[in-house]
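Novice: Encoded as structure tokens, here's the structure I'll be asking about.
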Amino acid sequence: MVKYRRYYLPGGTYFFTVTLRNRKSDWLTKYVKQLGDAMRRVQAIHPYKILAIVVLPDHLHTLWELPEGDSNFSLRWRLIKMQFAENIKAKGVKIIKNYRGENTLWQRRFWEHAIRDEKDYQQHVDYIHYNPVKHGLAERVSDWPYSSFHRYVSEDMLPSNWCYQNDDLDVE
């Protein structure tokens, strides 16, 4: 078996993809408030800065900056996954446990990529914001509500019609 090695860079900036085990589930958007609560709760104890994020029905992409001297993103994701599971159990959702006693809500692992430079950073921000369109969940990036794209627009970092191709429709 291949042993996977993660790249831990203290104070690093990372892109993550985290996925539910059931790829047909819509629980991340259905329970987006509980996901946000889980992330904020972990963030209060183990700080990190969310630079960009998009939440899709069955997975999410996010770009984090960790505090100087801290590289433990794995702990943060473990706690977020556990807290989200607890939050939706409190809403009456039944989550099955496997033979190890782990809940079967999330895929066991997640994808991480250490950001190398400004170009890499910008490509991942763009990827995050365009993802709902890529998956056919929205016609325009601005149509998807669960995205940091709206913060980028409000802070004048992106125009509201960013990446929209159809000139026939009225866009602001």
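Bear in mind that the values in this text are calculations on the coordinates, not laboratory data. What you see is a predicted model; the values in this text were computed from it and never measured. Positions of Cβ are generated from backbone atoms using ideal geometry, with glycine treated the same way; all protein chains shown enter the neighbour counts.
Novice: Tell me the net charge near GLN43. Cut-off is 13 Å between Cβ atoms, GLN43 excluded, with +1 for each Lys or Arg and -1 for each Asp or Glu.
Specialist: Details: positive: ARG40, ARG41, LYS49, ARG76; negative: ASP37, GLU65, ASP70.
Local net charge: +1.
Novice: Mind putting together the pair-distance distribution for the chain? All Cα pairs, 5 Å bins, whole percent per bin, short to long.
Specialist: Taking all Cα pairs of the chain, the binned fractions are 1, 8, 16, 20, 19, 16, 11, 5, 3, 1, 0 percent.
Novice: Once the Cα atoms of helix 118-134 and of the chain are each reduced to a long axis, what angle between those two axes, in degrees from 0 to 90 to the nearest 10, is obtained?
Specialist: 90 degrees
Novice: Stretch TYR127-TRP162 to full length: gain in nm at 0.36 nm per residue minus the Cα-Cα span?
Specialist: Details: separation 35, 0.36 × 35 = 12.60 nm, distance 1.25 nm.
The TYR127-TRP162 span can extend by a further 11.4 nm.
Novice: Suppose each label sits 7 Å from its Cα in the direction of the beta carbon; what would the VAL93-ARG5 distance come out to in nanometres?
Specialist: Spacing of the two 7 Å Cα→Cβ label points: 3.6 nm.
Novice: Report relative contact order for the stretch 13-118 in percent, whole number only (criteria: Cα-Cα under 8 Å, sequence separation at least 6). Show your work: numbers first, answer last.
Specialist: Values: 145 pairs, mean separation 43.5, N = 106.
Rounded, it is 41 percent for the stretch 13-118.
Novice: Would you mind computing, in nm to one decimal, how far apart the modelled labels at ARG23 and GLU155 are, each placed 7 Å from Cα along Cα→Cβ?
Specialist: It is 3.3 nm.
Novice: Still on this structure, please answer the following. Taking 7 Å along the Cα-to-C-beta vector as the label spot, tell me the ASP143-ARG78 distance in nanometres, rounded to one decimal.
Specialist: With each label placed 7 Å out from Cα toward Cβ, I get 4.1 nm.
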